[in-house]
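Only the coordinates and a few stated rules stand behind these numbers; no lab work does. Just so it is clear, the structure is predicted and the values come from calculations on it, not from any experiment. Heads up, the Cβs are rebuilt from the backbone with ideal geometry, glycines too, and the neighbour counts pull from every protein chain shown.
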Amino acid sequence: MSGKVTQFMKTQKYRFDFGADGKLYTTIFHGKIPQPELRGMVSSLQNCLYGKTPDVIFSYLKLHHLEFSDFHSMESTLGKDRAMGWAVYLLYSDTYGKMEEILGDADFHYAVVDCQESSPEGYCEGCYYALSRLPLGDGEFQHNFIGQAFFSDKNGSVEGSYFSIRKAIGNVLYTIDSSEGKPVLPTFGCVDMAALLAEIETINSKEDAMKTAIR
């Protein structure tokens, strides 16, 4: 075990969801991953094509001699309505309950979604978000969310945009920082949502989010 003390750790269930370009790549496994190693694993997903995340996670587990089992990954369709529905719920809902129903019994959950879709008429609608769920013990969880939803017209002018950083201990989401109108994250170009995911627990302002996600 490379000197890692895991014999007193409880086996946990880990789930990663990375979605873009109409696809959702899900990785699930059980394991005993010390916090420093878990942070390193999440950081290793930066600059990684979303479709490669299962391979990167598996390689990290093997390379660092981490204890894991039941590793499996899957690919599913991620339509705009599904992605936007999740984003809008997490941006505006007072509770996290609907996401609990989707995730089932995962203890740790990390997710990134990057969705942009243009209509034949030239209109564009999309969302970005990064999300983490971490167990606190006694059945409680800490949730961190950074997201933005937007709509633009055929001339590229943003008609509507809402950005928010939200957190929860337990099931009640509260807003740390938000912005409506001008997008905080660009509606086109390169937005590094995996970098936001890696730093999500310490980002508390839209300025910090911009510095992290825009390279």
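Only one residue of 188, 141, 129 has its Cα farthest out toward the positive end of the dipole of the chain, where Lys and Arg carry +1 and Asp and Glu -1 on Cβ, and that residue is 141.
Using θ = phi - 60° in the Karplus curve 6.51 cos²θ - 1.76 cosθ + 1.60, the 3J(HN,Hα) couplings for the range 54-68 round to x, 5, 5, 4, 4, 4, 5, 4, 5, 4, 9, 6, 8, 7, 8 Hz; x is entered for Gly and Pro.
A simple charge model with +1 on the Cβ of Lys and Arg, -1 on the Cβ of Asp and Glu and nothing else charged puts the dipole of the chain at about 520 debye relative to its Cα centre.
Which of the peptides 134-143, 163-172 is most tightly packed, and how do the rest follow, going by the mean number of other Cβ atoms within 10 Å of each residue?
On the way: 134-143: 12.9, 163-172: 17.9.
Ranked by mean Cβ neighbours within 10 Å, highest first: 163-172, 134-143.
Estimated from helical segments only, the mean residue ellipticity of the chain at 222 nm is -7000 deg cm²/dmol, where each DSSP H run of four or more residues counts as -39500 (n - 2.57).
Just to confirm a number: summing +1 for Lys and Arg and -1 for Asp and Glu over residues other than residue 145 whose beta-carbon lies under 9 angstrom from that of residue 145, what do you get? Mind showing how you got there, number by number?
On the way: positive: 166, 167; negative: none.
Here the count lands on +2.
Of 124, 190, the sequence from fewest to most neighbouring Cβ atoms within 10 angstrom is 190, 124.
Max-minus-min Cα coordinates of the chain on each principal axis give 58, 32, 31 Å, with the largest extent listed first. Sparsely packed loop sites in the range 17-67 (the chymotrypsin sites (Phe, Trp or Tyr not before Pro) outside DSSP H, G, I, E and B with at most 16 other Cβ atoms within 10 Å) do not occur.
Return the subset of 182/211; 98/182; 80/206; 167/206; 13/62 for which the Cα-Cα distance in this structure is over 20 Å, preserving the input order.
Pairs exceeding the cut-off: 98/182; 80/206.
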